[in-house]
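In what follows, a single structure is set out as structure tokens and then discussed.
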Amino acid sequence: MDAHIIKITLGPYLKEALSHGRSKNDLAKDIGVSPQKLSRMLNDEWDYITKDAIERTADYFKLRVTDVFAFVPVDFWRPIEADSCVFVRGSGLGTAKRRGLVIPWYDDEANRLIKRFIRKGLGDDRVPSIADHSDDEDELRSRLANENCIVIGGPRTNRATELLLSRHFGAEPFRPLEANRRKIPFGFCWSENDPVAKSSSLTCSKSAREESKNQPGIAVKGGHVRADFLPQEEEYRRWSTEDGRDCGLVFVSNNQREGVGTVKLIILAGFTGVGTLGAAKALIEDFRYLEPLPGDDCVFGIVEVIFSKKANTTDRQLKDVRWKFRQGGHSPLKIDDQNSVANARDAERKGRRK
């Protein structure tokens, strides 16, 4: 599964020009670009930089194309290509109840979507294994230390999501105290009366709930990605929409396995099931931006999921997925950005689908 990203390598030239005491504003004015665009080129944070800005900067330093651009390989799937992976699914019911475990349809569809992608990329008949786990944290830690793991399902449907995300950020799982919640840089905004909100460390903090005005969704530093959620089953069944909203979390970390190399942890957790499916789709389409860079503890992002739903049914049809926030990795995205690149990618994808 070879993939590359393109990098603008103007940073060293800009840093050299600034090293002699010139201000960013003066250099930007001389080049003919805005200070904001100069900062993005300086730090290679160019989600959206105009062709004109690149041309002006290249002309100013008298650079060739090979001085400006570089293609960098992304080895996101290499650990899985080497050792395959295990899908960790399920609600975390005890071992004695495992036979009665029911995997939600959207979680299972996300599982199938990624499985098809991995099999196609590997070019052989290897099938990732499936672990419908218990709620044994030691078992999960053992898997994480020795296997590439893809955890599928939000906290409602997969206790592994709660356990692994909480531990990664230094929080105590299933402990929704305010100080504990704040250790985690995002939160699922369930209703305060929802049982999961009363038991999960991944529920949003009081301040995040106030900032989001108690709207359902996922809160993250700087904003909130909303979800349409009707808690009453009958009301939800009657509801019809062509542009319903859900959201999902995509989390990636690399862990060093002693004497062997890297094992990868991927967590796909929707606010509801269609959000998990959207997170799986975002992973497949944009994995090249999700590989942790040196110094990254992890990469995580929030996607907005658009779906349609007819009246008198509970089925939802996923229509589109849009990144709203991404921290770490290549091309991080702030939630308050105008999302120019995300919109451009959406248009490009729609063009490819026609």
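The values are calculated or read from the model by the stated rules, or taken from the named source; none is laboratory data. Remember, it's a predicted structure, so these values are computed and weren't measured experimentally. Don't worry about glycine lacking a Cβ; one is built from the backbone with ideal geometry, like all the others, and counts go over all protein chains shown.
Residues of the range 193-232 being farther than 22 Å from Arg322 by Cα, of a type in the set (Lys, Arg) and out of contact with any helix residue (DSSP H, G or I) (no Cβ under 8 Å at 6 or more places or on another chain), which ones?
Lys198, Arg209, Lys213, listed by residue number.
Within the group Trp105, Trp77, which residue is at pLDDT 80 or above and either surrounded by fewer than 20 Cβ atoms within 10 Å (Cβ to Cβ) or among the polar types (S, T, N, Q) (or both)?
After applying the criteria, what remains is Trp105.
Go through the range 293-331 residue by residue and tally those that are in a loop (DSSP other than H, G, I, E, B) and under 18 Å from Ile184 (Cβ atoms). Steps first, please.
Taking the range 293-331 and keeping what is in a loop (DSSP other than H, G, I, E, B), we get 293-298, 310-316, 328-331.
From what is left, the residues that are under 18 Å from Ile184 (Cβ atoms) are 296-298, 328.
Matching residues across the range 293-331 total 4.
Test of understanding: among Leu283, Leu249, Leu265, which residue is modelled with pLDDT of 95 or more, within 21 Å of Asp2 (Cα to Cα), under 10 Å from the mean Cα position of the chain (by Cα) and not hydroxyl-bearing (Ser, Thr, Tyr)?
Leu283
Filter the range 237-252 down to residues that are more than 18 Å from Gly270 (Cα to Cα) and touching a Lys or Arg at 6+ places or on another chain (Cβ under 9 Å) and give me whichever is surrounded by the most Cβ atoms within 10 Å (Cβ to Cβ).
Trp239
Could you identify the single residue in Val263, Val250 that is without any contact (Cβ under 8 Å) to a residue 60 or more places away in the chain and β-branched (Val, Ile, Thr)?
From the options Val263, Val250, the qualifying one is Val250.
Taking Val299 as the residue in question, decide whether it is over 28 Å from Gln256 (Cβ atoms), modelled with pLDDT of 95 or more and outside the structural domain of Ser39 (by TED's automatic domain parsing).
Numbers: over 28 Å from Gln256 (Cβ atoms): no; modelled with pLDDT of 95 or more: yes; outside the structural domain of Ser39 (by TED's automatic domain parsing): yes.
When the stated conditions are applied, Val299 does not pass them.
Only residues that are at pLDDT 95 or above, assigned to a loop (DSSP other than H, G, I, E, B) and of a type in the set (A, V, I, L, M): list them for the range 127-181, please.
Correct list: Ala171 only.
Please work out if Glu178 is more than 22 Å from the chain's Cα centre (by Cα) and over 24 Å from Lys221 (Cβ atoms).
So Glu178 fails the test.
Mind checking whether some residue in the range 320-332 is hydrophobic (A, V, I, L, M, F, W, C), at pLDDT 95 or above and out of contact with any Pro (no Cβ under 9 Å at 6 or more places or on another chain)?
yes
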